[in-house]
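Participant: My questions all concern the structure below.
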Amino acid sequence: MRKISAKKIKDTVSLLFIEANTRLRKDILSALKTALHLEKSPKAKKILQILIKNARIAKKERLAICQDTGIASVYLELGQDVKIMGGSLEGAINEGVRLGYKKGYFRNSVVDPINRKNTGNNSPAVIHIRIVKGDRLAITTVPKGFGCENKNQLKMFKPTADINEIKKFIVDAVKAAGSDACPPYIIGIGIGGTFEKAAEMSKEALLRKLKTTTQKSKLYRLEREVLQEINELNIGPAGVGGRTTALAVNILTYPTHIAGLPVAVSIGCHAMRSAEKRL
């Protein structure tokens, strides 16, 4: 049995939210630079240059990449041989959120859904926990803005739906988002499971490194085909047109019921922020 203090978790969560909000993921920055090299539209190239420059300044000055510093989501891989000492796990995470947003001078955007009163500290976080073997604790923080969150979609397909219907749903979701969700996008797709499982997978797919391919070749081909169709929409960076509407399409699947076929689409903006650490 390995013991991890609640204070260590709090401090780690705090630092990770500051990192996520001020340092663009290396894989996304690399993808933006590649897109700049491949892009033909002068307007699109200019926008990509601005996004890359913005990321560089944010990192250097320790400033938020985007003014919408998001709602705090936390993904945990919790080893079954770990014991949390000196406080509750949920309490430590929310304390870390409050501390990180205060130290980073980030905008507090979380409100009660009914009376719309701001909580004043961007807590509570949305927490996802996966129990795994061993004594490790892996923490991933995700501050996701609602410009892109509001454009997510989920559909319960009939089990007889073919792959072309699914592809059309995904592409149409991006088309409906247009320029509102700050392209170029990272598109996360969840196929299978249940209503909530598909949605969870689509969010988790956003966290997969952009150059990491799926193990199943059919899924890889589907990702490439959907990405090509999305980039043919000519929405482009910031909606100015061009070939770079999305940087990547990541798909996760899970076995589902014989009577259903849930499909969820999560749209991540060009600053799809996350940071992770293993304790």
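Participant: Separation of segment 33-92 and segment 184-246 by C-alpha centroid, Å?
Facilitator: One Cα centre to the other: 18 Å.
Participant: If you count only protein heavy atoms with a 1.4 Å probe, what accessible area per residue comes out for segment 137-279, rounded to a whole Å²? It would help to have the intermediate numbers written out before the result.
Facilitator: Numbers: 6530 Å² over 143 residues.
On a per-residue basis, 46 Å².
Participant: Can you show me the helix-derived [θ] at 222 nm for the chain, built from DSSP H runs with n ≥ 4 at -39,500 (n - 2.57) apiece and divided by the number of residues, rounded to the nearest 500. It would help to have the intermediate numbers written out before the result.
Facilitator: Numbers: 8 runs with 111 residues, N = 279.
Taking each H run of at least 4 residues, the total per residue is -13000 deg cm²/dmol.
Participant: Next question, about the same structure. For segment 162-218, compute the number of Lys pairs whose alpha carbons are separated by less than 18 Å, excluding pairs fewer than 8 positions apart on the same chain.
Facilitator: Numbers: Lys167/Lys175; Lys167/Lys203; Lys167/Lys216; Lys167/Lys218; Lys168/Lys218; Lys203/Lys211.
Lysine pair count for segment 162-218: 6.
Participant: I've got another one for you. Counting just the Cα atoms, what span does the chain cover along each of its three principal axes? Round to the nearest Å and put the largest first.
Facilitator: 53, 50, 40
Participant: Oh, and also: Any idea what the relative contact order of segment 1-146 is, in percent, if you count C-alpha pairs under 8 Å spaced at least 6 apart?
Facilitator: Values: 255 pairs, mean separation 56.0, N = 146.
Reported relative contact order: 38 percent.
Participant: Counting only DSSP beta bridges with both residues in segment 1-142, what percent are antiparallel, rounded to the nearest 5?
Facilitator: Working: 7 of 18 bridges.
Expressed as a percentage, antiparallel bridges in segment 1-142 total about 40.
Participant: Still on this structure, I have one more. Across segment 1-144, how large is the tail of the calculated P(r) beyond 17 Å, expressed as a percent of all Cα pairs? The partial results should precede the final answer.
Facilitator: Values: 6698 of 10296 pairs.
Cα-Cα pairs of segment 1-144 separated by over 17 Å account for 65 percent.
Participant: So, for segment 12-109, what is the accessible surface per residue at a probe of 1.4 Å, expressed in square angstrom? Provide the component values of the computation, followed by the final result.
Facilitator: On the way: 5210 Å² over 98 residues.
It amounts to 53 Å² per residue over segment 12-109.
Participant: Tell me the carbon and sulfur percent of the accessible area for segment 51-166, rounded to whole percent, probe radius 1.4 Å.
Facilitator: On the way: 3430 of 6670 Å².
Solvent-exposed carbon and sulfur of segment 51-166 make up 51 percent of the total.
Participant: Averaging sequence separations of C-alpha pairs under 8 Å and six or more residues apart, then dividing by the length of the chain, give the relative contact order as a whole percent.
Facilitator: On the way: 604 pairs, mean separation 75.0, N = 279.
This gives 27 percent for the chain.
Participant: Additional query: Cross-link candidates for Lys3: which aspartates and glutamates have Cα within less than 17 Å, leaving aside residues fewer than 8 places away along the same chain?
Facilitator: In chain and number order, the partners are Asp11, Glu77, Asp81, Glu90, Asp135.
Participant: Let me ask you something else. Kindly flag which residue pairs out of Lys45/Lys277; Lys103/Lys151; Lys59/Lys102 have an alpha-carbon separation exceeding 22 Å in this structure.
Facilitator: Values: Lys45/Lys277 34 Å; Lys103/Lys151 30 Å; Lys59/Lys102 18 Å.
Result: Lys45/Lys277; Lys103/Lys151 exceed 22 Å.
The values are calculated or read from the model by the stated rules, or taken from the named source; none is laboratory data. All values reported here derive from a predicted model rather than from experimental measurement. Ligands, DNA and RNA are stripped out before the accessible areas are found, and what is left, the full protein with its side chains, is counted by its heavy atoms. Shrake-Rupley method; radii C 1.70, N 1.55, O 1.52, S 1.80 Å.
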